[in-house]
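All remarks here apply to the structure that follows.
The values are calculated or read from the model by the stated rules, or taken from the named source; none is laboratory data. Because the structure is a prediction, the values reported are computed rather than measured. Methodologically, a virtual Cβ is constructed for each residue, glycine included, from the backbone with ideal geometry; neighbour enumeration extends over all protein chains shown.
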Amino acid sequence: MNITAENINALMGAIVLDPEGEKIGHVGQVFLDQITGLPSWVSVRTGLFGLSESFAPLDEADWDGEELHVPYAKSLVKDAPRVDVDNDEPLSATEEHELYDHYGLRAGTGDVETGEPRFRKHIGSDAVFGDEGAGPRDAGS
């Protein structure tokens, strides 16, 4: 199943598995591409009590409605560069490039020279990209 703006909240807390089916951890945060509005990265809570968070890209991940399957080994995800997820600031362009380099991926369009970030943390009240009159969602909608 594709990961879309409509199923972001369902990803929160989901189990993350590597290609061998080994549990890496649980989804901590979802980061959206500020250009497309689509989920692009997740933080994965790892460690004994889930106190450590690593990042994993979603571009080739598979969401089955309950578990998130990523095409990366558990060790690669756990060794990803650490990024502060406790603030609501977008990832810096430098952080983005460090993550892309770690996974051997081609960097996105965040601009290191201008410092323009591309990915920001999804906040539960975020409007879904493309909504008319985008604003905070009511709990009942």
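Residue count for segment 53-74 under the criterion of being at negative phi and more than 15 Å from the chain's Cα centre (by Cα): the result is 4.
What tally of residues in segment 44-68 results from selecting those that are in contact with a Gly (Cβ under 7 Å, 6 or more places away or on another chain) and in a loop (DSSP other than H, G, I, E, B)? Number of matching residues: 1. Scanning segment 10-25 for residues that are part of a strand (DSSP E or B) and surrounded by fewer than 17 Cβ atoms within 10 Å (Cβ to Cβ) returns Ile15, Lys23. Pairing each residue of segment 15-42 that is within 14 Å of Asp64 (Cα to Cα) and modelled with pLDDT of 90 or more with any residue that is among the basic types (Lys, Arg) and crowded, with 19+ Cβ neighbours inside 10 Å, provided the two are 6+ apart or on different chains, yields C-beta distances under 6 Å for Asp18/Lys74.
Give the residue that is nearest to Asp59 (Cα to Cα), with candidates limited to residues of segment 26-43 that are out of contact with any Gly (no Cβ under 8 Å at 6 or more places or on another chain) and outside any strand (DSSP E or B). Among them, the one singled out is Leu38.
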